[in-house]
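Below: the structure, in structure tokens.
The values are calculated or read from the model by the stated rules, or taken from the named source; none is laboratory data. All figures in this text were calculated on a predicted structure; none of them were measured in a lab. Note: ideal-geometry Cβ built from the backbone for every residue, glycine included; neighbour counts use all protein chains shown. When the accessible area is computed, the model is the full protein with side chains, heavy atoms only, and any ligands, DNA or RNA have been set aside. Shrake-Rupley method; radii C 1.70, N 1.55, O 1.52, S 1.80 Å.
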Amino acid sequence: MADVPNDAPEHCPGTSSDQAGKSSACQGCPNQNICASGAAKAPDPAIEEIRQKLTSVKHKILVLSGKGGVGKSTFSAHLSHALASDDSKEIALLDVDICGPSIPKIMGLEGEQVSAQAGPQYLLSVKYVEDNLAVMSIGFLLSSPDDAVIWRGPKKNGMIKQFLRDVDWGEVDYLIVDTPPGTSDEHLSIVQYLSGAGIDGAVIITTPQEVSLQDVRKEIRFCKKVKIPIIGVIENMSGFVCPKCKNTSQIFPPTTGGAQRMCEELNLPLLGRVPLDPRIGRSCDEGRSFLTEVPDSPAAVAYQNIVQRVKRQCALNRLGDT
């Protein structure tokens, strides 16, 4: 939870809970008295600090999925590459999948390390894929890509706070936030800390089968509960287009109507469908942009169309704020 102090016991109810400082889990906690007094319910000062820090970031987009392995990080990377193809725009990609950071591999930055910049304020420097595409991930803080991050919620919360407040983002047009699957500590933290800065919305990734859609419905309810606008849904792995005969085969059949029916039922935009293409996986393993490697493939064309819809929605949001 985002309102759990770093030094709290395992079953801390959270500083905003009515049980703060009063439950049995609070016994022996150094924060018990201040939580019981109600003083801890005050807003985290980091929210305002982050709001001020991110005034130079025009658009903030969360990429979410209910289930792992549906291509969320792959889409985050492709969205970032596509936006960065406009040399006049500055793009940043933030990986908050603390326990499973795959962005460094996908972006061709595996093994890179970040350092703190000298100055009056402690700042972490980003890594650049291109002159206008910056990346930050906990993967840059690990000594090896195989290192396991075994952290409870409070420590994840602190890391996300540091990424938003203490990274030298500079002037950015689009900040893409790649999240872990589900609706857990990382999601609560990112929503809380960006509450002052504002979030354009969430792009939700699914695959056609019902077992994935079930979890996506939970993700949609999460967004509505915490008041995150939903830019739209993407159906990934939506059929396989044979490169020779051009016929489409349904590898993961949409047994309950797929993302289209779900979006119709929930009155949400379906941003597009991306077909399976083995070259996407190969490009990710090699740290290359699939969009530039195979720009005319059905999957690349689908990605580009989706990116244009995302950009249009962000532009509308900005007009609505003026």
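Values as computed for the structure displayed
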| item | result |
| --- | --- |
| Positions within region 275-310 being touching a strand residue (DSSP E or B) at 6+ places or on another chain (Cβ under 6 Å) and among the basic types (Lys, Arg), in sequence order | ARG309 |
| Top-ranked residue in region 129-165 [being farther than 24 Å from LEU79 by Cα and acidic (Asp, Glu); ranked as least open to solvent (accessible area, probe 1.4 Å)] | ASP147 |
| Residue match in region 207-227 (condition: assigned to a strand (DSSP E or B) and either on the phi > 0 side of the Ramachandran plot or surrounded by 15 or more Cβ atoms within 10 Å (Cβ to Cβ) (or both)) | no |
| Residues of region 84-101 classified as open to solvent by 10 Å² or more (accessible area, probe 1.4 Å), in contact (Cβ under 8 Å) with a residue 60 or more places away in the chain and either in a helix (DSSP H, G or I) or within 21 Å of ILE306 (Cα to Cα) (or both), total | 3 |
| Residue that is farthest from GLY100 (Cα to Cα) [pool: residues in region 180-206 that are open to solvent by less than 10 Å² (accessible area, probe 1.4 Å) and of a type in the set (S, T, N, Q)] | THR206 |
| Hey, ALA25 part of a helix (DSSP H, G or I), without any contact (Cβ under 8 Å) to a residue 24 or more places away in the chain, over 23 Å from ILE160 (Cα atoms) and small (Gly, Ala, Ser) or not | yes |
| Matching residues in region 22-41 - criterion: being modelled with pLDDT of 75 or more and on the phi > 0 side of the Ramachandran plot | GLY28 |
| Test: residue in region 109-119 that is within 16 Å of the chain's Cα centre (by Cα) and modelled with pLDDT of 90 or more | no |
| Which numbered condition ARG318 fails, given (1) open to solvent by 70 Å² or more (accessible area, probe 1.4 Å); (2) within 23 Å of GLY108 (Cβ to Cβ); (3) modelled with pLDDT under 95; (4) not aromatic (Phe, Trp, Tyr) | (2) |
| Every pair of residues 6+ apart whose Cβ atoms lie under 9 Å, when the first sits in region 213-237 and is more than 14 Å from THR183 (Cβ to Cβ) and of a type in the set (Asp, Glu) while the second is part of a loop (DSSP other than H, G, I, E, B) and open to solvent by less than 10 Å² (accessible area, probe 1.4 Å) | GLU235/THR207; GLU235/PRO208 |
| Selection from region 228-248 of residues that are surrounded by 12 or more Cβ atoms within 10 Å (Cβ to Cβ) and polar (S, T, N, Q) | ASN236, SER238, THR248 |
| Verdict on ASP44 being surrounded by fewer than 16 Cβ atoms within 10 Å (Cβ to Cβ) and either acidic (Asp, Glu) or at pLDDT 95 or above (or both) | no |
